[in-house]
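The values are calculated or read from the model by the stated rules, or taken from the named source; none is laboratory data. Since the structure is predicted, the reported quantities are computational estimates derived from the model, not experimental observations. Glycine gets a Cβ as well: all are built from the backbone with ideal geometry, and neighbour counts include every protein chain shown.
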Amino acid sequence: ALVSLRQVLDHAAEFGYGIPAFNVNNLEQVQAIMEAAQATDSPVILQASAGARKYAGEAYLRHLVLAAIETHPDIPVVLHQDHGATPAQCQQSIRSGFSSVMMDGSLMADAKTPASYEYNVGVTQKVCEMAHAVGVSVEGELGCLGSLETGEAGEEDGVGAEGKLSHDQMLTDPVQAKDFVAQTGVDALAIAIGTSHGAYKFTRPPTGDILAMDRIAAIHAAIPNTHLVMHGSSSVPQEWLQIIRQYGGDIKETYGVPVEEIVRGIQSGVRKVNIDTDIRLAMTGAMRQVFAQQPSEFDPRKALAAAKNAAAGIVKARFEAFGCAGRG
Ligand code: G3H
Ligand code: 13P
Ligand code: NA
Ligand code: ZN
């Protein structure tokens, strides 16, 4: 059944676990996540970015999720809009049937320029008013994702600030978080603790100076009834990087957010964990492997089936590690 984000995160908070939120763009990703959820009895958050809407189209995304719900009637599914750039975009997703929307007011409508605190409060307030009136949940964001190592915002073509950010911009302030929640009424809040989108998060396995996990407990203490969200939470598995390289890919040395750090975050109050890149890496590795090992193969289903299995492997591992398994 389609449920709101608030419903599944309230349950996660009550029982002390976290729920991975996976980005979806196509059939095989939706199938992989649903099959892994069925196998582990886990609740599901499927999220679509602006890039996903551009790639697949809103109607295809909606019907893929409706098909998932029809095929797995016992699994609770949240359809969440990832990184809404404007209230108008959130309104459109609400009208199209999403049960949850993110208004990312940490950035201006171009999804690149860091916004003022007042702007963020204003747009997020507006979306909460619209969404809550029809039972749709809202995720806000306070602080900008970015690398504490380099001061760079990270991704160039996706969602994220462009260019340099200050250390303060990249760390959510607990006192400001309390005021933000009081003024907006968001159900969930994305926080900035040094993670960034994409495969290139850290040049070395992260330590406390570049991945500020300790901040989570302080934010949670300030806003105990608001569910905390970690973006940029791919772990960037070294074994998939190896496979991609082995079969002709070119991915430089890079490190993600270790699963055990995310588990620590969940113990400190994180309830939603956004993952896109890990599924991309696994699917790409699996497809490269199929085509390299079977050069005469021309049925794309062979590569796509392998990609789906690889994605399901990542998803299942995260459901289990985050304590989500058995909670569907
Ligand atoms: O927010 C970032 C997600 O990884 C979505 O990426 O804009 O390429 O779909 P995308
Ligand atoms: P990753 O790029 O680490 O998978 O993060 C995805 C994300 O935060 C989507 O909003
Ligand atoms: Na989101
Ligand atoms: Zn994100």
Of the listed residues (Gly232, Gly248), the one being within 16 Å of ligand 1 (Cβ to nearest atom) and either farther than 18 Å from Ala321 by Cα or in contact (Cβ under 8 Å) with a residue 40 or more places away in the chain (or both) is Gly232
The residue from Val30, Val65 that alone is crowded, with 16+ Cβ neighbours inside 10 Å, within 15 Å of Ser100 (Cα to Cα) and away from ligand 2 (no atom under 14 Å from the Cβ) is Val65
Considering segment 131-156, residues that are in a loop (DSSP other than H, G, I, E, B), more than 14 Å from ligand 4 (Cβ to nearest atom) and modelled with pLDDT under 90, and then whichever is farthest from Met103 (Cα to Cα), we arrive at Thr150
> Does Phe298 fit the bill of being aromatic (Phe, Trp, Tyr), farther than 19 Å from Gln238 by Cβ and surrounded by fewer than 17 Cβ atoms within 10 Å (Cβ to Cβ)?
Replying inline: yes
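Table: residues versus (1) outside any loop (DSSP other than H, G, I, E, B); (2) under 23 Å from Ala21 (Cα atoms); (3) within 16 Å of ligand 1 (Cβ to nearest atom).
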{"site": "Pro73", "(1), (2), (3)": "no, yes, no"}
{"site": "Gln89", "(1), (2), (3)": "yes, yes, yes"}
{"site": "Gln92", "(1), (2), (3)": "yes, yes, no"}
{"site": "Met102", "(1), (2), (3)": "yes, yes, yes"}
{"site": "Lys112", "(1), (2), (3)": "no, yes, yes"}
{"site": "Tyr119", "(1), (2), (3)": "yes, no, no"}
{"site": "Gln125", "(1), (2), (3)": "yes, no, no"}
{"site": "Glu129", "(1), (2), (3)": "yes, no, no"}
Every listed condition ((1) out of contact with any strand residue (DSSP E or B) (no Cβ under 8 Å at 6 or more places or on another chain); (2) more than 15 Å from Tyr247 (Cα to Cα); (3) of a type in the set (Gly, Ala, Ser)) holds for Gly269 save (1)
Matching residues in segment 43-97 (away from ligand 3 (no atom under 15 Å from the Cβ), among the hydroxyl-bearing types (Ser, Thr, Tyr) and within 18 Å of the chain's Cα centre (by Cα)) number 1
Being over 30 Å from Gln7 (Cβ atoms) and in contact (Cβ under 8 Å) with a residue 40 or more places away in the chain is the requirement here; does Pro174 meet it?
no
Residue pairs qualifying under the 8 Å Cβ cut-off, at least six apart or on distinct chains, with the first in segment 110-121 being free of Cβ contacts under 8 Å to residues at least 12 places away in the same chain and the second being loosely packed, with under 15 Cβ neighbours inside 10 Å, are none
Flagged pairs (Cβ under 7 angstrom, 6 or more apart or on separate chains; first in segment 269-285, free of Cβ contacts under 8 Å to residues at least 24 places away in the same chain; second surrounded by 24 or more Cβ atoms within 10 Å (Cβ to Cβ) and not aromatic (Phe, Trp, Tyr)) are none
